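Read the structure below first, then the notes.
The values are calculated or read from the model by the stated rules, or taken from the named source; none is laboratory data. The model shown is predicted, which means the values in this text are computed figures rather than measured ones. Cβ coordinates were reconstructed from backbone atoms using ideal geometry, including for glycine residues, and neighbour counts include every protein chain displayed. All accessible areas refer to the heavy atoms of the entire protein, side chains included, with ligands and DNA or RNA removed. Shrake-Rupley method; radii C 1.70, N 1.55, O 1.52, S 1.80 Å.
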Amino acid sequence: GEKVILIARPVGGKPPYSYKWYSGDQPIDFLDDSVVWTLRASGTRIFRVMVTDASGNTAEARSMAIVRPVEAASVPLSPAGEWAEKAKLAVLLAKYDEALEYCQNGIEMEPAHAELYSIKGQVYTARQEYDLALEAIDRAISLDPENGSFYYRRSIVLKKMGRESEARAALDKV
């Protein structure tokens with residue numbers, strides 16, 4: 001199966017925080033700020049986390065995981081794919097400058113590597129640089145318009161920019 005790592009990083013509110021994770025509508029037995037989940041079948045799964053602060057205020061976040069079937073038991077990564085894997089790990093560790101550097105290295109090797117642009121979009125979103133995030137994600141979509149995760153990421157950015165109707169339209173393409 002494919003491992004999915006989800007990390008909640010609350011901003012605001014009053015620590016300590018408590019966490020309640022869900023896969024679809026089913027609770028997951030993880031009570032801390034991160035979840036490692038193994039997806040055993042291809043498809044799409046929505047994860048949610050409910051965060052409650054010390055004052056009882058709650059907030060919810062959602063994330064989508066897409067697992068595609070692999071044709072062979074072992075698929076070697078291209079050099080740009082290796083940079084993408086390094087960038088994804090850097091994002092998980094919140095090392096955003098490092099992630100952008102890895103993306104740029106991969107793009108120099110393979111300018112049409114859509115995932116690298118999507119990762120750049122994720123970094124810019126985390127840094128609240130939404131115009132740059134949207135530009136990077138739109139480039140990813142132009143290179144791989146069949147990838148639903150790019151539209152999902154686009155919807156997140158548009159929502160953060162206050163462009164609700166465009167965000168909903170992007171979700172319709174997932």
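Scanning the range 100-135 for residues that are touching a Gly at 6+ places or on another chain (Cβ under 7 Å) and crowded, with 24+ Cβ neighbours inside 10 Å gives 116, 133.
Of all residues in the range 12-52 being basic (Lys, Arg) and open to solvent by 70 Å² or more (accessible area, probe 1.4 Å), which is modelled with the lowest pLDDT? Lay out the reasoning, then the answer.
First, the residues of the range 12-52 that are basic (Lys, Arg): 14, 20, 40, 45, 48.
Among the residues that remain, those that are also open to solvent by 70 Å² or more (accessible area, probe 1.4 Å) are: 14, 20, 40, 45.
Details: 14: 90, 20: 88, 40: 66, 45: 77.
Only one residue tops the list, namely 40.
Taking residues in the range 14-42 that are basic (Lys, Arg), and partners anywhere that are modelled with pLDDT of 80 or more and assigned to a loop (DSSP other than H, G, I, E, B), the pairs with Cβ atoms closer than 8 Å and at least 6 places apart or on different chains are 14/53; 14/54; 14/55; 14/57. For residue 142, state whether it is open to solvent by 30 Å² or more (accessible area, probe 1.4 Å), in contact with a strand residue (DSSP E or B) (Cβ under 7 Å, 6 or more places away or on another chain) and closer than 26 Å to residue 43 by Cα. Criteria not met by residue 142. If the condition is being touching a Ser or Thr at 6+ places or on another chain (Cβ under 9 Å) and either free of Cβ contacts under 8 Å to residues at least 12 places away in the same chain or among the aliphatic types (A, V, I, L, M) (or both), then the range 135-157 contributes 136, 137, 140, 141, 156, 157. With the condition kept exactly as written, say whether any residue in the range 103-115 is under 21 Å from residue 5 (Cα atoms), among the β-branched types (Val, Ile, Thr) and modelled with pLDDT of 90 or more. There is no residue in the range 103-115 that is under 21 Å from residue 5 (Cα atoms), among the β-branched types (Val, Ile, Thr) and modelled with pLDDT of 90 or more. Selection over the range 126-156 of residues that are at pLDDT below 95 and closer than 20 Å to residue 97 by Cα gives a count of 2. Of the numbered conditions (1) surrounded by fewer than 16 Cβ atoms within 10 Å (Cβ to Cβ); (2) on the phi < 0 side of the Ramachandran plot, residue 167 fails exactly one; give the number of that condition. Failing condition for residue 167: (1).
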